[in-house]
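Note sheet for the following structure.
Readers should treat all values here as calculations from the given coordinates under stated rules, not as data from a laboratory. Note that the coordinates shown come from a computational prediction; the quantities given were computed from them, not determined experimentally. All Cβ positions, even for glycine, are placed from backbone atoms using ideal geometry, and neighbour counts span all protein chains on display.
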Amino acid sequence: MPGRTKKDREKLLNNFALDLAERCQSEFTQAMEIYGGDFVKVKNKISFTVDAIPACYTGNHELCRRHSFVCKGGKKFWLYNRAFLPNSFKIRKLDENLNAIRKSEDSSNRTVNVRLNAIMWNSVFREHQRLHPNCNGFLQWNMEREEKFGFVNREEAMCDKCTYRSRKFKLYEEVQTKKPGRKAAKINVSAQAALSQTPLGYTGLRKIVLGCNMPAPSTSGLQKRANKVLPEIVNIDKKDMKARRKQLIAINTLRGRKDPGSVSLQADGAYNNAIYSGIGKTPFQPATQVVYSVAEAETEDKKAL
C-alpha cells in the first residue's frame, strides 16, 4: 500500500477497504440495471468483472473496458473524484510473487473425477478452437479462480496467449438431495464415513493430505461436515441393529423356541488403560473409560448387537 509513513499506509488501507466495498456494490447495482434483474446473466458477467477490479487498482484498465460496468479507463475511470481515494492512487502489483504462487499451484495435486475431468477438457478444447481458431496457446487451469470445497474443487481453463477463459466445471460428483442450496460432494461425505471407522483425527488427516502436495480441507470444514454425516451413520447403525434383532427372533421362531426373544450372548470389555498400570495402586481395573461389546452366539456370524 503506497504511503510515506505507517500511519499514512494504514489510513490508505482503511480508505481502500471502503472504496472497494462501494465499487463492488456499484458494479452489482449497474449490472442488475443493465440486465433487467436477470440474476443468471448478472452472475455470469460478474464472474469476469471480479478480475477487472484488482487490475483497475493497479492502473491497468484493459479488463475494465471489457468487463466492468462502472470503469472504462481514460476519462471514465473509477477513481476519478472519489471520496475515499485520490485520483493518483495505485497499488503496486507484485508480479514476481504472483508468478511464484502460480508456479507453486501448478506443481500441486488435486482430487478429480476422471469422467468429469475428461468432459471438461473436451468441452474446453472445442470451445477454444471455435472462439480463437488461429490461437496455438497452452490451455491450463486458472488457479487464481479455483474454488475449493473440502477435498474437491471447481476449475476453469485459460489460455496463456489469448483472452480465452472457460466457465467453471465441477470436477466432483454430488450427493443428490431434495434440499435447496449447494449439494455436498460425495468424496467429502465418504471421507467422513471412513474417518468414523479409524482412530485418525483431523490434524493427522491434514498432514497426510498436505504431505501429498494437495490442498487440505480446513479443520472447521471437516467438523461441519462431520456434524451432518455422523448422525446419519448413527441412524443407519440403529436400523441395522434393529434388523439383526428381528432376524434372530425369526431364526429362533423357526427353531421352535418358546421364547424366541431370549438369545445367547458373548461379551467383552475394552479399557482405555492397560491392566498392569494399576499394580500397587488399585485392586480394580485402572481405567476411566470402557467400551463393552455384546455379540449374539446363536449363529455362526456372531454379529454384534
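Cross-link partners among lysines for Lys11, C-alpha distance below 23 Å, same-chain residues fewer than 8 apart left out? List returned: Lys90, Lys93.
If you model segment 199-305 as an ellipsoid using its alpha carbon gyration tensor, with each semi-axis the square root of five times an eigenvalue, the axes come out at 37, 26, 11 Å, biggest first. Rounded to the nearest 0.05, the FRET efficiency derived from the C-beta distance between Lys302 and Arg115 at R0 = 30 Å is 0.15. Note on Asn87 and Arg182: their simple-model spin labels are 4.2 nm apart, each label 7 Å out from Cα toward Cβ. Computed about its Cα centre, the charge dipole of segment 236-305 is approximately 300 debye, with only Lys, Arg, Asp and Glu carrying charge at their Cβ.
Taking a straight Cα-Cα cut-off under 17 Å and skipping sequence neighbours fewer than 8 places away in the same chain, the aspartates and glutamates within cross-link reach of Lys228 are Glu174, Asp237. Taking the charge dipole of the chain about its Cα centre, with +1 at Lys and Arg Cβ atoms and -1 at Asp and Glu Cβ atoms, the residue from Thr299, Ala270, Pro217 reaching farthest to the positive side is Pro217. When only the Cβ of Lys, Arg, Asp and Glu is charged (+1, +1, -1, -1), the dipole of the chain relative to its Cα centre reaches about 640 debye.
Other residues lying with their Cβ under 15 Å from the Cβ of Val263 contribute a combined charge of +4, Lys and Arg counting +1, Asp and Glu -1.
Multiplying each eigenvalue of the alpha-carbon gyration tensor of the chain by 5 and taking the square root yields semi-axes of 58, 27, 20 Å, largest first, rounded to whole angstroms.
Only helical DSSP H runs with n ≥ 4 go in: add -39500 (n - 2.57) per run for the chain, normalise by residue count and round the 222 nm mean residue ellipticity to 500 deg cm²/dmol. Estimated from H runs of four or more residues: -15500 deg cm²/dmol.
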